[in-house]
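Asks: Shown below is the structure under consideration.
The values are calculated or read from the model by the stated rules, or taken from the named source; none is laboratory data. Everything numeric in this text was worked out from a predicted model, so none of it was measured. So basically every Cβ, Gly included, is an ideal-geometry build from the backbone, and we count neighbours across all protein chains shown. Surface areas here come from the heavy atoms of the whole protein model, side chains and all, with no ligands, DNA or RNA. Shrake-Rupley method; radii C 1.70, N 1.55, O 1.52, S 1.80 Å.
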Amino acid sequence: MKADILREKFLDFFKNRKHKVVEPDSLVPKDDPTVLFTPAGMNQFKKEFLGSTSGFLRAATCQRCLRTDDLDKVGKTSGHHTFFEMLGNFSFGDYFKKEAITWAWEFLTKELKISQDKLWVSVYKDDQEAYKIWRDLIKVHAQRIVKLGDKENFWPSEAKEKGPNGPCGPCSEIFFDWGVDVGCKSPGCDPSCSCGRFVEIWNLVFTQFNRKETGKLEPLPNKNIDTGMGLERLAAVMQGARNNFETELFQPVIKEISREALPENKKGLAYAISDHLRAVVFSIYDGVLPSNESRGYVVRKLIRKSVLHLRALGQKEPFLYKLVPVSIKTMQEFYPHLAERKENISQIILAEEKSFISTLNSSAILFEEKFSALAQKQDPDMAGKITFELYDTYGIPAELTREWLKERKIKISEEAFSRELSLQKNRSKSQSAMKGDVFSSGSADYGVKETKFSGYDGCQVKAKIIKIIKDGAEVKKAGKSDKVSIILDKTAFYAESGGQVGDSGELVRGKSIFAVTDTRKSGKAIIHIGFVKEGNFKNGDQLLARVDSARRLSIARNHTATHLLQAALRKVLGAHVRQQGSLVAEDRLRFDFTHFKDIDREQLDRIEEVVNSYVMADLKLGTKQATLAQAKKTGALAFFGEKYGTKVRVVSVQDVSKELCGGTHLDSTGQIGLFKITQEGSVASGVRRIEAVTGTFAYRVIKDHDQILSEVQEFLNVPAQMIPQEIEKRSRQLKELEKRLSSQRMDSIKSSLDGLLQQAEVISGVKVITSLIECADMDILRKNVDLIKEKADNAVIALGSKKDGKAFLVMGLTPDLLQRGLDAGKLIRQVAGIVGGSGGGRSDFAQAGGDKPQELGKAFEELKNILRGSL
C-alpha cells in the first residue's frame, strides 16, 4: 500500500470519528521560539493544548516535519530521516486513553489489515490504566506488552527528573515485529532491544500531568491526546520493505542518482541524498533559503552533504538540482503546489551547488590563507580548530584538510577537532530540542481571550479597558507620562501582522488622552502600546479608541500597492514569483519575492508601469471570508510565513489580484495616486527585493529627482535632454586626462627604477625590493613589477599603493627564484591580512587588496621576516 493511500486512509478514518482534518503547518513554526523547525504534529496545536478554543476538540493531520539531531545516522540506518511526515490524531480535553488505544489498534488491524500477531506494544512502567486497556479490552497477550521507563515511555523523555516544566505524561508505543529470524534472534528479544527486529510505528502520548518547578507532577484538569506515526515507517511495513528507503517515497530519486545498481557500501550515500533533498525542497518551499544562520544554515549544510555524497558516487558537476522534479513528483499528490515552485527551487539548489563545488575546487587557496601562520610555527590545537571551521563554515571535508596538512607536515590535534565537533552537535541538538517550558510561546499570556477588531469598518470605536500592563505586570491604573500597554474589549487599531505595521492614534476619555505609538498582538489580545499624555486611566474605563486616520490611509495605500506589485511581478517576470516577506509602513513598502535572475532596467520600468496602470484604472477592491480550502481553490495567493486559520479573509482587486490577507486596504486602487519604485536588488539566493513609495511620498520622491536634475542641468549648463551626452563627453575627457597622468607617472617611475634596485635589501643572497608608490592603481603597480623583472634577477618585488582609502599590494618573483620553490601567491596570502584583506595569484605574480593602507609598511617588514625564516 503506497504512502498516498495511507495518508488518505488515516485522515478519512479519523474524520469519520469526528476529528477535524487540519491542513499541515509550515516547516517554519510561526510565533514559536522553542524550535527551529516543526519537529512534530502537535506543534501547531500548542494553544489548543493550553485550553484555547478553535472550534474543535479533535484533530487529525499529516504534518511535514524536520529534525537534525540524528543527521549523521541518515542513510546508515533503515529508519532515520531529517524530513519526514507524521500522521497524528489529537484530543484537547475530549477523549483519552481508551479511545486513543482502541482507534489506533482498529486502524492498524482492521483498516490496514496488519496481523495482530505482528504487533507488540509498550507502556510506561507505572501506567496501569494503559496496561489494562491493552490487556483486558484490546486483548493483547501480556507477553507482547512491554513496560518501559522514563526515557522510553514518558513524554518529554525523562521529563519527570530533568524537565522541562509544563504538560507531560506517559506514552504507549506500537511496534511491528519483523520476525524471529531478524535481528539478534534471541528468544527473549522484545521492543526494548535495538537489534532491528522491532520497528516503532505509532506513539500515543497521554498528556495528563503538569510538571511544576520542583519536579512535582500535578494532574491536569483537561487531559489531552497527542499521537504520532511516521508515514515512511508505516509505508515500509505495508510494503514489506525492511528499509524505509526501499519505498516509493525514495526509490525514484535513488534510481535517478544511479541508473545502475549501487554496491552495498554506496547505497547509504544515495539514501542520504534522497532524504536530504526532500528536506531541502520542502524547506525552500516553506521560505527557508540557504544561508549561514539559523534555519538557512541547516538547508545549506544538507545541500553540501548531498554534494559531497554525489562526489563520492562519481558525480563531480552540479547534479542535485536535476533531482528536484523527481522528488517533487513523488510528493505532489498531497502537496500539489510544490510543482509550481519546481523551477525556482531547482535554481536555488543549483546556485548553492555551483558555489560549494567552486569552494571545493579552490580549497588549496583557502588552506593557504587559513594555515599560513602554522606553516612557520606549529600549533596542533589551532590546526584542529581551523579544520573544524573549514568543515562547519565552508563544508570542506575534514579528510581533505588532513591530507593537505600531512603533505605540508603541519600537525593537527584530532582531540581539538573532535571537541569543536562535539560542541557543534550539542548546539544543533539544543536547537532541534524544545527550549524552556513545554508549550511556551513568544507571546505573553494576559488572561484575555480575544479583543474584537472593528478596524475594517472604521477608524474609531467606543471601548472599555480590560487590562493595563506596566513593566510586564498588571496594574489597576496609569497616570500622566506613564508608559503602559492597554488592552480593550474591542478596538479599531490594527495590530502589527503580516508585514503591516501597527496603528497609532489615541485613546480618549474626556480630557484624558493616551497616545498609542504602536499596536501589537499577544495571542488573540490586541495590545495598545504608548503613554498617558493627559489625565489618567484605570481598569473598566469607557473610552473612544481613535486611530490616526491619515497614517492609516498611507499604510493602506502601501498595502494595496504590494498586492498590485505582486500581480505585476507575476505578469512581467512569470508565475513563479511568490512573496517571501514584506514591510508595509506609512512612508514606504518593501516586497521580497522569489526570482532567480537580475531584473534589468527595462523590466523594472515595465513593472512600475503595470502597477500604475492598475492605479489609474481605479479598480474596486473586495473582501470576503472563506475556508482555507475554498480560498486556495479559487487561486488566492498565500504568504509562506503566515499561519492561517480554518477561516480566512480574501482580498481581491477585480480580476488582477486575489490574496489571503488580514491587513487594511483601500476601497479602490485610484486612492493610491502614484506608485514609484525606489530600489531593487538581491537579498538572498533566489530572493529579490523591491522598495517603493506611494501617494504623497511618491510625489516627494519625484520632486526630489526633479530638483537634482535641475541642479545638474545648471551645473553642466545644458538643457535637461542633453545631460546624458554632456556627461558622456566629460567622462571621455576625464579618461583622457587620467591616461596622460598615468603615462607621466610611469615615466617618472621608470626614471627611479635604478634607485629602487640600489635600495634593495639582500636576504640570504636574494634581493628584496619594496616600495610605496603614491596614488597608483593595480595596473601601474603590475607594470612596474614587470619593468623591475626586466632589470633584476634573483629578486622578490613587493610594491604597494594607497588610493581612495584602500591598500593595493602586488608581489612578483624573478624566474630564477621559482626554481628555488618560492611562490608569490603563498607569500602574499601570508601578509595580506596585515592590510585588512586577502590575496592570491600565480607563483610568479600575485596581488592583494585591503582597507588598512596605513599598514603597508608593516606588510613589507613581515614579508622580509618570512623570507629570513625560509631562505
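Asks: Please work out which one of (1) under 23 Å from His665 (Cβ atoms); (2) in a strand (DSSP E or B); (3) not small (Gly, Ala, Ser) is the condition Arg557 fails and give its number.
Replies: Result: Arg557 passes all but (2).
Asks: Within the set of pairs 6 or more residues apart or between chains, which connect a residue that is free of Cβ contacts under 8 Å to residues at least 40 places away in the same chain inside segment 31-52 to a residue that is open to solvent by 20 Å² or more (accessible area, probe 1.4 Å) and among the polar types (S, T, N, Q) with Cβ atoms less than 8 Å apart?
Replies: From segment 31-52, the pairs are Thr38/Gln44.
Asks: Same structure again: From the list Arg233, Arg259, Arg242, Arg278, which residue is of a type in the set (D, E, K, R), closer than 27 Å to Asn89 by Cα and not in a helix (DSSP H, G or I)? Let's see the steps before the verdict.
Replies: Working: Arg233 fails: not in a helix (DSSP H, G or I); Arg259 fails: closer than 27 Å to Asn89 by Cα; Arg278 fails: not in a helix (DSSP H, G or I).
The match here is Arg242.
Asks: Going through Leu11, Leu27 one at a time, which residue ends up being farther than 10 Å from Thr61 by Cβ and crowded, with 17+ Cβ neighbours inside 10 Å?
Replies: Going through Leu11, Leu27 in turn, just one is farther than 10 Å from Thr61 by Cβ and crowded, with 17+ Cβ neighbours inside 10 Å: Leu27.
Asks: If only one of Phe198, Phe206 is among the aromatic types (Phe, Trp, Tyr), open to solvent by 10 Å² or more (accessible area, probe 1.4 Å), under 25 Å from Lys151 (Cα atoms) and in contact (Cβ under 8 Å) with a residue 24 or more places away in the chain, which one is it? Walk me through it before giving the result.
Replies: Numbers: Phe206 fails: open to solvent by 10 Å² or more (accessible area, probe 1.4 Å).
From the options Phe198, Phe206, the qualifying one is Phe198.
Asks: Here is a further query. Considering each of Gly837, Gly812 in turn, give the residue that is buried (at least 22 other Cβ atoms within 10 Å of the Cβ) and either in contact with a Ser or Thr (Cβ under 7 Å, 6 or more places away or on another chain) or without any contact (Cβ under 8 Å) to a residue 60 or more places away in the chain (or both). Before you say what the answer is, go through the steps one by one.
Replies: On the way: Gly837 fails: buried (at least 22 other Cβ atoms within 10 Å of the Cβ).
It is Gly812.
Asks: Kindly indicate whether Ala545 is over 20 Å from Val683 (Cα atoms) and at pLDDT below 95.
Replies: Numbers: over 20 Å from Val683 (Cα atoms): yes; at pLDDT below 95: no.
When the stated conditions are applied, Ala545 does not pass them.
Asks: Still on this model: Please go through segment 197-225 and give me each residue that is in a loop (DSSP other than H, G, I, E, B) and either of a type in the set (A, V, I, L, M) or more than 30 Å from Lys185 (Cα to Cα) (or both), ordered by number.
Replies: The answer is Lys212, Glu213, Thr214, Gly215, Lys216.
Asks: Picking from Thr227, Thr214, which residue would you name as being under 30 Å from Ser52 (Cα atoms), surrounded by fewer than 17 Cβ atoms within 10 Å (Cβ to Cβ) and either in contact with a helix residue (DSSP H, G or I) (Cβ under 6 Å, 6 or more places away or on another chain) or not basic (Lys, Arg) (or both)? Spell out how you get there, then give the answer.
Replies: Working: Thr227 fails: surrounded by fewer than 17 Cβ atoms within 10 Å (Cβ to Cβ).
Answer to the check: Thr214.
Asks: Residue check, Leu827 against (1) farther than 17 Å from Ile763 by Cα; (2) crowded, with 17+ Cβ neighbours inside 10 Å, all met but one. Which one?
Replies: (1)
Asks: Now a separate question. Of all residues being open to solvent by less than 40 Å² (accessible area, probe 1.4 Å) and touching an Asp or Glu at 6+ places or on another chain (Cβ under 9 Å) in segment 449-458, which is nearest to Lys624 (Cα to Cα)? Just the residue, please.
Replies: Out of the qualifying residues, it is Gly455.
Asks: Quick one: count up the residues across segment 155-165 that are of a type in the set (Gly, Ala, Ser) and either modelled with pLDDT of 90 or more or surrounded by fewer than 21 Cβ atoms within 10 Å (Cβ to Cβ) (or both). If you could, list the steps in order and put the result at the bottom.
Replies: Initial filter on segment 155-165 (of a type in the set (Gly, Ala, Ser)): 157, 159, 163.
Retained after the next criterion (residues that are either modelled with pLDDT of 90 or more or surrounded by fewer than 21 Cβ atoms within 10 Å (Cβ to Cβ) (or both)): 157, 163.
So the answer is 2.
Asks: What is the residue count in segment 326-343 for residues that are polar (S, T, N, Q) and either touching a Cys at 6+ places or on another chain (Cβ under 9 Å) or open to solvent by 10 Å² or more (accessible area, probe 1.4 Å) (or both)? Walk me through it before giving the result.
Replies: From segment 326-343, those polar (S, T, N, Q) are 327, 330, 332; that's our starting set.
Okay, now just the ones that are also either touching a Cys at 6+ places or on another chain (Cβ under 9 Å) or open to solvent by 10 Å² or more (accessible area, probe 1.4 Å) (or both), so 330, 332.
Looking only at that region, the number is 2.
Asks: Which one of Glu415, Glu368 is modelled with pLDDT of 75 or more and surrounded by fewer than 18 Cβ atoms within 10 Å (Cβ to Cβ)?
Replies: Of the residues listed, the single one that is modelled with pLDDT of 75 or more and surrounded by fewer than 18 Cβ atoms within 10 Å (Cβ to Cβ) is Glu415.
Asks: Filter segment 477-489 down to the residues that are open to solvent by 20 Å² or more (accessible area, probe 1.4 Å) and touching a residue at least 40 places away in the same chain (Cβ under 8 Å), then identify the one that is nearest to Ala556 (Cα to Cα).
Replies: Only one residue tops the list, namely Ser485.
Asks: Name the single residue, out of those in segment 66-105 being part of a helix (DSSP H, G or I) and not charged (D, E, K, R), that is modelled with the lowest pLDDT. Working first, answer last.
Replies: Just the residues of segment 66-105 that are part of a helix (DSSP H, G or I), to begin with: 71-73, 97-105.
Checking the rest, the ones that are also not charged (D, E, K, R) come to 71, 100-105.
Details: Leu71: 89, Ala100: 97, Ile101: 98, Thr102: 98, Trp103: 98, Ala104: 98, Trp105: 98.
By that ranking, first place goes to Leu71.
Asks: Residue under question is Trp134, and the condition is that it be surrounded by 21 or more Cβ atoms within 10 Å (Cβ to Cβ), in a helix (DSSP H, G or I) and at negative phi; does it hold?
Replies: Yes, satisfied.
Asks: From the list Ser372, Ser291, exactly one residue is out of contact with any Ser or Thr (no Cβ under 9 Å at 6 or more places or on another chain) and not hydrophobic (A, V, I, L, M, F, W, C). Which is it?
Replies: Matching residue, one of Ser372, Ser291: Ser372.
Asks: If Ala351 satisfies all but one of (1) at pLDDT 95 or above; (2) touching a Ser or Thr at 6+ places or on another chain (Cβ under 9 Å), what's the number of the condition it fails?
Replies: All conditions pass for Ala351, except number (1).
Asks: Can you name the residue in segment 96-111 that is buried (at least 17 other Cβ atoms within 10 Å of the Cβ) and touching a helix residue (DSSP H, G or I) at 6+ places or on another chain (Cβ under 7 Å) and is also farthest from Phe176 (Cα to Cα) among such residues?
Replies: Lys97
Asks: Continuing with the same structure: I'm trying to understand the selection: among the residues of segment 177-189, which are open to solvent by 20 Å² or more (accessible area, probe 1.4 Å) and either hydrophobic (A, V, I, L, M, F, W, C) or under 23 Å from Leu112 (Cα atoms) (or both)?
Replies: The answer is Trp178, Val180, Cys184.
Asks: Could you grab me the full set of residues in segment 540-573 that are farther than 30 Å from Val461 by Cα and open to solvent by 20 Å² or more (accessible area, probe 1.4 Å)?
Replies: Correct list: Arg570, Lys571, Val572, Leu573.
Asks: When you scan segment 300-396 for helices (runs of 4 or more DSSP H) that lie fully inside it, which ones turn up with 3 or more residues that are farther than 23 Å from Phe282 by Cα?
Replies: 342-361, 363-376, 380-389
Asks: Quickly run through segment 681-700 and pick out the residues that are in contact with a strand residue (DSSP E or B) (Cβ under 6 Å, 6 or more places away or on another chain), open to solvent by 30 Å² or more (accessible area, probe 1.4 Å) and farther than 15 Å from Asp598 by Cα.
Replies: The one that is in contact with a strand residue (DSSP E or B) (Cβ under 6 Å, 6 or more places away or on another chain), open to solvent by 30 Å² or more (accessible area, probe 1.4 Å) and farther than 15 Å from Asp598 by Cα: Glu691.
Asks: How many of the residues making up segment 479-506 are touching a Phe, Trp or Tyr at 6+ places or on another chain (Cβ under 6 Å) and under 11 Å from Phe531 (Cβ atoms)?
Replies: Residues in segment 479-506 being touching a Phe, Trp or Tyr at 6+ places or on another chain (Cβ under 6 Å) and under 11 Å from Phe531 (Cβ atoms): 1 in total.
Asks: Hey, another quick one. For segment 522-540, enumerate the residues that are within 28 Å of Leu50 (Cα to Cα) and modelled with pLDDT of 95 or more.
Replies: Correct list: Ile526, Ile527, His528, Ile529, Asn539, Gly540.
Asks: Is it the case that Thr519 is within 20 Å of Thr53 (Cα to Cα), of a type in the set (Ser, Thr, Tyr) and buried (at least 20 other Cβ atoms within 10 Å of the Cβ)?
Replies: no
Asks: Another question about this same structure. Considering every residue within segment 29-47, establish whether at least one is touching a His at 6+ places or on another chain (Cβ under 9 Å) and either at pLDDT 95 or above or not hydroxyl-bearing (Ser, Thr, Tyr) (or both).
Replies: Checked against the condition, which is being touching a His at 6+ places or on another chain (Cβ under 9 Å) and either at pLDDT 95 or above or not hydroxyl-bearing (Ser, Thr, Tyr) (or both), segment 29-47 yields no hits at all.
Asks: Hand me the list of strands (runs of 3 or more DSSP E) wholly inside segment 703-808 holding 1 or more residues that are open to solvent by 90 Å² or more (accessible area, probe 1.4 Å).
Replies: Correct list: 761-763.
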